[in-house]
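Chemist: Can you keep this structure in mind? I'll have questions shortly.
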Amino acid sequence: MSGIIGKKIGMTSIYDDSGKNIPCTILQAGPCTITQIKTDEKDGYSSFQLGFDEKTKNISKSYQGQFKKSKSKPMKKLYEFKGFESDLKLGDKITVDHFVEGEYVDVTGITKGKGFQGVVKRHGFAGVGDSTHGQHNRLRAPGSIGAGSSPSRVFKGMRMAGQTGNSNVKILNLKVVKVMSEDNILILKGSVPGHNNSYIIVQK
């Protein structure tokens, strides 16, 4: 799947031709530089590695050599894509012109981290709900988590409190509403995982 690396700017809403209000996400998509080309003969598979967002410090020597080979500046975000045209060369630029209004794309991002959360927020538990019979501190408690004598353990996968968010999520089939080539802007219908200014992977 070919695609592009971008950054989430924020959300807005626009009106379509019928006057319907559509919630949209604005992405700064590219321009991305081809920093490495992998082939079946050398690497066992074929793909193009794209780089996005220029980096100015803390660059390892191995990456310095890689960017020097592609004659590009060091990049913060690197990602490999398959399915690009084979006539592209090292150092070529990929822009939002790669996309067409009306087509559908898949978007990958890291969701907002919410820290350590209880079962009500994390899994939608209802809690006790009734504060009678002296239950003054059980309203958002998980309740019983396993049997006592048999099986004498908690089953793996039991829904309990823990780290919430900050996970890699892919949203499928988001419609490309608008492509603004002069500003490297891609507007997609619907929401995209991650906070503003987080990196986003858009795949065709």
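What follows draws every value from the coordinates through simple rules; no lab data is involved. A quick note: this is a predicted structure, and the numbers were derived from the prediction, not measured. Because the Cβ atoms are built from the backbone with ideal geometry, glycine has one as well, and the counts that use them run over all protein chains shown.
Chemist: Given the pairs K61/K89; K112/K170; K38/K175, which span a C-alpha to C-alpha distance of over 20 angstrom in this model?
Modeler: K61/K89; K38/K175, as the Cα separations exceed 20 Å there.
Chemist: Then there is this: State, as an integer percentage, the relative contact order of the range 95-176 based on alpha-carbon contacts under 8 Å between residues 6 or more apart.
Modeler: After rounding, I find 53 percent.
Chemist: Taking the square root of 5 times each eigenvalue of the Cα gyration tensor, what semi-axes in Å does the equivalent ellipsoid of the range 92-204 have, largest first?
Modeler: Over the Cα atoms of the range 92-204, the semi-axes work out to 45, 16, 12 Å.
Chemist: Name the most mobile residue of K76, K38, K20, meaning the one with the largest mean-square fluctuation, in a Gaussian network model of the chain with Cα contacts below 10 Å.
Modeler: Greatest mean-square fluctuation among the candidates belongs to K20.
Chemist: In addition: Taking 35 Å as R0, compute the FRET efficiency from the Cβ-Cβ separation of K69 and I9 and round it to 0.05.
Modeler: Calculated value: 0.65.
Chemist: Oh, and also: When the Debye formula is applied to the Cα atoms of the range 100-150, each taken as the same point scatterer, what base-10 log of I(q)/I(0) results at q = 0.14, 0.25 Å⁻¹?
Modeler: Scattering profile of the range 100-150, log10 relative to I(0): -0.62, -1.02.
Chemist: Write down Rg/Rh for the chain, rounded to two decimals, with Rg from the C-alpha atoms and Rh from the Kirkwood relation over Cα pairs.
Modeler: With Rh from the inverse mean 1/r over Cα pairs, Rg/Rh is 1.14.
Chemist: Normalized C-alpha radius of gyration of the range 1-111, against 2.2 N^0.38 Å?
Modeler: 1.26
Chemist: Rank D87, D183, D40 by mean-square fluctuation in a GNM of the chain with C-alpha springs under 10 angstrom and give only the top-ranked residue.
Modeler: D87
Chemist: Could you work out the relative contact order of the range 139-204? I mean the mean sequence separation of Cα pairs under 8 Å and 6+ apart, divided by the number of residues, in percent.
Modeler: Value for the range 139-204: 18 percent.
Chemist: Using the Karplus curve 6.51 cos²θ - 1.76 cosθ + 1.60 with θ = phi - 60°, work out ³J(HN,Hα) for each residue of the range 188-198 in order, rounded to whole Hz, and write x for Gly and Pro.
Modeler: Running phi through 6.51 cos²θ - 1.76 cosθ + 1.60 with θ = phi - 60° gives 10, 6, x, 9, 10, x, x, 8, 4, 6, 7 Hz.
Chemist: Under a 10 Å cutoff between Cα atoms, tell me which one of Y104, Y63, Y15 has the largest fluctuation in the Gaussian network model of the chain.
Modeler: Answer for the Gaussian network model of the chain: Y15.
Chemist: Determine the principal axes of the Cα atoms in the range 52-121, then give the extent along each, sorted from largest to smallest and rounded to whole angstroms.
Modeler: 52, 40, 18
Chemist: Just to confirm the filter: which chymotrypsin sites (Phe, Trp or Tyr not before Pro) across the range 107-204 are DSSP coil and have at most 10 other Cβ within 10 angstrom of their Cβ?
Modeler: Filter output for the range 107-204: F155.
Chemist: In addition: Using only C-alpha atoms and all pairs of different ones, pull out the Kirkwood radius for the range 35-77 in Å with one decimal.
Modeler: Mean inverse Cα-Cα distance, inverted, gives 11.1 Å.
Chemist: With a cap of 15 neighbouring Cβ atoms within 10 Å, and only residues DSSP puts in a loop, list the GluC sites (Glu not before Pro) found in the range 60-152.
Modeler: Those that pass, being in a loop and sparsely packed, are E85, E101, E103.
Chemist: With contacts defined as alpha carbon pairs under 8 Å and 6 or more residues apart, what's the relative contact order of the chain in percent?
Modeler: In percent, rounded to a whole number, it is 31.
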